[in-house]
Amino acid sequence: ATRGYAPERATLSRSLVSGWLWDEEKDTLWKLFTDQLEDVDYPYEQTIPQPWSYQIPGLMERLVRVLAARFGEYLRSGRAQAADYALEVFRHQGSPPLLELMLEHSEPLLNHHYTRFLEVMTHLPDPRFLAPLLAHYRDEEYDLERLIRFICDVHRLPYPEALKQAAERKAAPSPPTTVRLLCPH
């Protein structure tokens, strides 16, 4: 018995819905390299979960091109697993166009893919990430504060005023806590 879909383009022209696609790794790679998946919402995250581990020339470039074209749709449609997978692939293949794509979608990424997006920014610490990070930052958010400081340190930039003020508040002694007791006498 054969697994997967027939290789004809006609069987792939429809959008794949949620559920397991029975293609094996080799089927996915074949379809990707023969341009059968250009207009298909294909679940790469299920069939080739770690494409960076393959030693296939051009694989990551092709995959990045396809994922970048669909990335906005993944975010709009709520396909969290596909968006996280794309972020992980982008992290391994960082490039200026990919950084632009992530900057364009920084608001939904910070709100819905926070951990994965912070990981990407840690591996690709571009100073253009500072503006969306500072817009999202609130006092006492230590993970964001550390990332902002890291990006500033990598690029030898001064720390933003919001971080300086937070550091001053932490350094200032806090007033002693008091307890109010009601005494009937």
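Points to keep in mind about this one:
- Cβ-defined net charge surrounding E73, 9 Å radius [Lys, Arg +1; Asp, Glu -1]: +2
- Net charge of Cβ neighbours under 14 Å - reference Q50; Lys, Arg +1; Asp, Glu -1: -3
- Of the chymotrypsin sites (Phe, Trp or Tyr not before Pro) in the range 59-143, not one is in a loop by DSSP (not H, G, I, E or B) with at most 12 other beta carbons within 10 Å.
- Taking Cβ atoms as reference points and 13 Å as the exclusive limit, the residues near A82 contribute a net charge of -1, counting Lys and Arg as +1 and Asp and Glu as -1.
- Taking all protein chains together and rolling a 1.4 Å probe, R79 ends up with roughly 60 Å² accessible.
- Annotation note: GluC sites (Glu not before Pro) in the range 35-134 located in DSSP loop regions with a Cβ neighbour count of at most 16 within 10 Å are E38.
- Theoretical FRET efficiency, 1/(1+(r/R0)^6), r = Cβ-Cβ of H136 and E161, R0 25 Å, to 0.05: 0.95
The values are calculated or read from the model by the stated rules, or taken from the named source; none is laboratory data. What you see is a predicted model, and the numbers here were worked out from it, not measured in a lab. Backbone-built Cβ (ideal geometry, glycine too); neighbour counts: all protein chains shown. When the accessible area is computed, the model is the full protein with side chains, heavy atoms only, and any ligands, DNA or RNA have been set aside. Shrake-Rupley method; radii C 1.70, N 1.55, O 1.52, S 1.80 Å.
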